[in-house]
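Values in this text are rule-based calculations from the coordinates and carry no lab data. Just so we're clear, the structure is a prediction, and the values are computed from it rather than from any experiment. Counting neighbours? That spans all protein chains shown, and the Cβs are built from the backbone with ideal geometry, glycine included.
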Amino acid sequence: MCGIVGYIGHREAWPVITKGLHRLEYRGYDSAGIALLNGDLKTYKKAGKVSDLEDFALNLDKSGTIGMGHTRWATHGEPCDRNSHPHPSGNGKLSIIHNGIIENYAVLKEALQAKGHTFISDTDTEVLVHLIEEIQERDQLELAEAVRVALTKVIGAYAIVVMSKEEPEQLVAARKGSPMVIGVGEGEYFIASDASPIVEYTKNVIYLKDNQIATLRTDNLVVRSIDNIIQTPSVQELSLKLEMLEKGGFDHFMLKEIYEQARSIKDCMRGRIYPGEGKVQLGGIKDYTEKLKNAERIVIVACGTSWHAGLVGEYLIEEYARIPVEVEYASEFRYRNPIISEKDIVIAISQSGETADTMAAIELAKERGATIFGICNVVGSSIPRITHAGVYTHAGPEIGVASTKAFTAQVTVLTLIALYVAQQKGTINQAQMVSMLTELDEIPTLVEKCLAQDAFVKEIAQKLKDSSNCLFLGRGSGFPVALEGALKLKEISYIHAEGYPAAEMKHGPIALIDEDMPVIFIATKNSSYEKVISNIQEVKARKGKVIAIVTEGDKEVKKMADYVIEIPDTNEAYLPLLATIPLQFLSYHIAVLRGCNVDQPRNLAKSVTVE
Ligand code: M6R
């Protein structure tokens, strides 16, 4: 949440920063601001999108080769010009941008007010820049040292960049709990919340670690720990490619990412499955094979779409590896007193690898001795660094706020884990393994077939676009698919939607059914097919409108449903990988038809780094 970009070097900073902010807008987009150092410290900020800031500054002087910018997702204080970053210090000499939350800001603010500081914004960030100013003036410290001392007083999460007009040849950056990447160029440095603003200038990056403070000058970089010990950062090469960050001819990133799923699922399986040999290989967790084989329980923690993937994982792991699984909302898990011990394996699932609630759940489980695996998409993000082992999803950058290809890649990894453990434990035999892996290997081709339904699903979207509510129903692993379909619809089209296990309908939701209630059923040919047919009849008897996802060639459901969307037949285990795709299209087209901002839905941000 919140995106930050900094630049110091020989280029004009404004274009580098604005371009970077556009790339980071998925992290927050309620206001944006930039500060430039060019003799003086100039600040431009505006509520709204980065493009609003660009319009505002169109005819203003934007020269300077040192600067920093911010795109905000509001936590403390409403989105408005005044609360936008960068924030100046009281004496106007310093400026700060910040991603995260300063938890003890109220105490710090009171102490600073007692010393005569006055504040113009409602943000926690402004408190921090005043604190740096106070320490710098009191102890006559250089900027980097004042930042370091100030951070020792701070409780919370942050990635910050600070500039001073009295020390104009540097940017000081620090992180704890919020991501920060430094790009190392020739006589220039970049700094950003992720590598997307950096990749077109350099492939050499340093992932700043928690409690590190970096001082960037055009010709050198010094990294210190918060305890003032010099650190030797390691430079890594980015595998990210520029075209991965562009829409590639699609109207929206979400649509591009839906279409990428045949490729992303294939990438996720590459080098991990050997159908002919009936073998799964997962290098990232192989050192924990014995632990997995002997696990008495697996606990999955995640949020949002990743939590839905976890529910699919529960079906798969219990069915094939025969290990009991519990799936927990990370945000709930951490605020109770969960029973977790060194005997447990905890799997944390997160596309971004930065979700604050998931990170906090991991820390709690770790304190209690559990072994933690991560299933993450963003390479080098925070979660893979705090887990014992893990498996990357390799879906490529997901920029649309609504998660699509990350979900199917997470489900693919969970499938691989289930089959890997099943193989190790012998809970499925070799012939079954060969057959299951052969079918899994075909999934990308079947996904292509689901993608070919785009235009047809758009026609159905036309009929549903004015609905106020929608119900999504499924059974077995079709239930998490229903939940995911409902989440997609509500987050991008603002239509109220609920996902339920189909059999639960009669325990309450059935009261909602009338001619205005579209009900989307996951009604593929699987073990609960007959039961789902009964549920469809119950809805039709009450004049509900039925849209059903069915298996190719289905005749029964077609007789009852208003619309059917066919998906190819496959092993029941892989149903979520296919059935999710028409639901992604459905919510996408409904949202577009309603004129919603699909890639940047209101109030949301891609990576939720606040608790
Ligand atoms: O990055 P994560 O997977 O940890 O994010 C979890 C949720 O915030 C995320 O899935 C969210 O629900 C998406 N907007 C859903 O489309």
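You can think of it this way: the chain between ARG602 and GLU318 has 98.5 nm of extra reach, that is 0.36 nm per residue less the Cα-Cα gap.
Residues whose amide H falls under 5 Å from that of ALA348, counting only those 5 or more places apart or on a different chain, are VAL301, PHE373, GLY374, ILE375, with hydrogens built in the peptide plane. Once the convex hull of all Cα atoms in the chain is built, its volume per residue stands at 155 Å³.
Membrane-span-like helices in the chain, defined purely by DSSP H runs whose alpha carbon atoms cover 20 Å or more axially and whose average Kyte-Doolittle hydropathy reaches 1.6, do not occur. Restriction of the chymotrypsin sites (Phe, Trp or Tyr not before Pro) in segment 39-128 to DSSP coil positions whose beta-carbon has at most 12 other beta-carbons within 10 angstrom yields no sites. FRET efficiency for the GLU459 to GLN140 pair, using the beta carbon distance and R₀ = 60 Å, is estimated at 0.25. Enter the Cα centre distance for the pair segment 397-428 and segment 286-325, rounded to the nearest angstrom. After rounding, the separation between the Cα centres reads 10 Å. The slack in the chain from GLU556 to SER468, taken as 0.36 nm per residue of separation less the alpha-carbon distance, amounts to 28.8 nm.
Fully extending the segment from ALA431 to LYS279 would add 53.6 nm, taking 0.36 nm per residue of separation and subtracting the current Cα-Cα distance.
The three principal axes of the C-alpha atoms in segment 514-596 carry coordinate ranges of 38, 30, 17 Å, sorted with the longest axis first. Cross-link partners of LYS203 among lysines, defined as those whose alpha carbon lies under 20 angstrom from its own and excluding same-chain residues fewer than eight positions apart: LYS19, LYS241. Largest first and in whole Å, the equivalent-ellipsoid semi-axes of segment 221-334 read 31, 26, 19, each the square root of five times a Cα gyration tensor eigenvalue.
Counting neighbouring Cβ atoms within 10 Å and putting the fewest first, the residues MET433, MET180 line up as MET433, MET180. In the structure shown, the pairs LYS286/LYS425; LYS176/LYS488; LYS209/LYS286 are assessed against 22 Å; a Cα-Cα span above that value is assigned to LYS176/LYS488; LYS209/LYS286. As a rough guide to protection, the peptides 212-222, 453-463, 61-71 ranked by mean Cβ packing within 10 Å, highest first, stand as 61-71, 212-222, 453-463. Net charge in the neighbourhood of PRO324 (other residues with Cβ under 14 Å of its Cβ; Lys, Arg +1, Asp, Glu -1) is -3.
Per the Debye formula on identical point scatterers at the alpha carbon atoms of segment 1-105, with no solvent, log10 I(q)/I(0) at q = 0.10, 0.14, 0.21 Å⁻¹ is -0.24, -0.47, -1.07.
Summing +1 for each Lys or Arg and -1 for each Asp or Glu among the other residues whose beta-carbon sits under 13 angstrom from that of LYS115 gives -2. Taking a point 7 Å from the Cα of LYS115 along the Cα-to-Cβ direction, the residues of segment 146-173 with backbone N closer than 13 Å to it are 146-147, 149-154.
Just the number, please: Stokes-Einstein D of segment 119-188 in µm²/s, Kirkwood Rh from C-alpha pairs, 25 °C, 0.890 mPa s. Stokes-Einstein gives a translational diffusion coefficient of 186 µm²/s. Normalised size of segment 162-215, defined as Cα radius of gyration per 2.2 N^0.38 Å with N residues, equals 1.13.
For segment 344-415, place one equal point scatterer on every Cα, skip the solvent, and apply the Debye formula. What is log10 of I(q)/I(0) at q = 0.15, 0.16 Å⁻¹? Taken in order of the listed q values, log10 I(q)/I(0) reads -0.44, -0.50.
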